[in-house]
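In what follows, a structure is listed as structure tokens, so that the remarks can point back to it.
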Amino acid sequence: MAFTPRTIIDEARYLCNDRDLEAIYRQQNDELLVYVNSGLKEMAAFMPMMFSTVGDMTCTVGKVEQSITFLDAIRLLDVVCIHDGPSLTPFDRRVLDLFNPGWRNVAPGQAAQWSPKEGDPLVFYLDKPAPEGQVLDIQYVRNPGEYALGDTISDVPESMKPALVDYVVYRAESKDDENVMNARAAAFYSAFKSKIGVVENGPAN
């Protein structure tokens, strides 16, 4: 059977007891489809490496501060290398600011190091202004696709289906009171996180 939002929703309806002989549902497919796509986005937040990809990005000439230009990017993971060239290594921007305050204003040249920008997951610094035509291989977390009911889900393996079913049940069970998650909804959300490998915090000592 294909791994689609429809198959996830069918299983979620069974767990929610949202089926009857006349197939009149309490919650419509369009609403539950939103939950499936939201569940994939939560997976990307909890399991970034499952959604990692590498793309090549042309730098902004003459700048040390660079912004990821991929439309599906959620956050930067690594600046891997010059495209078809040498690897880049991380540097500590605060140390460079301390010992070489004018590093941002040196002549453009091929990057050798990079540093993330605090507070902005899509921006990073190079160790010198970028020359014309410099292309970098960037590893980043991509946003999952937006799926219709019959689309085959390709962002995650089919082994993630039970987790997505739990997520849809959690959202369906908690929709009546958005401010208070009832015990049943909380149990399904906990099951969702457990199945994707998120360790719950234990009680405080």
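Some observations on this one:
- For the residues ALA183, ALA45, ALA73, a GNM of the chain with alpha-carbon springs under 10 Å puts the largest fluctuation on ALA183.
- FRET efficiency for ASN182 and ASP97, using Cβ-Cβ distance with R0 set to 35 Å, rounded to 0.05: 0.10
- DSSP bridge pairs, region 81-203: antiparallel proportion in percent, nearest 5: 75
- Pairs of Lys in the chain closer than 21 Å at Cα, counting only those 8 or more apart or on different chains: 10
- Principal-axis tilt of helix 5-16 within the chain, Cα atoms, nearest 10 degrees: 50
- Normalised convex hull volume, region 1-110, alpha-carbon set, Å³ per residue: 170
- Angle in degrees between helix 161-174 and the longest Cα principal axis of the chain, rounded to the nearest 10: 70
- Here the convex hull built on the C-alpha positions of the chain has a volume of 170 cubic angstrom per residue.
- Label-to-label distance, nm, for residues given as SER38 and VAL106 (7 Å Cα→Cβ offset): 4.9
- 21 Å tail of the calculated P(r), region 102-181, as % of Cα pairs: 59
- Only Cα pairs under 8 Å and 6+ residues apart enter the sum, and on that basis the relative contact order of region 1-151 stands at 35 percent.
- Rounded to the nearest 0.05, the FRET efficiency derived from the C-beta distance between ASP120 and TYR14 at R0 = 41 Å is 0.40.
- For region 109-157 and region 15-93, distance of Cα centres in Å: 10
A short reminder: the numbers here are calculations on the coordinates, not readings from a lab. Computed from a predicted model, the values in this text were never measured in an experiment. Every residue, glycine as well, gets a Cβ built from its backbone with ideal geometry; the counts of neighbours run over all protein chains shown.
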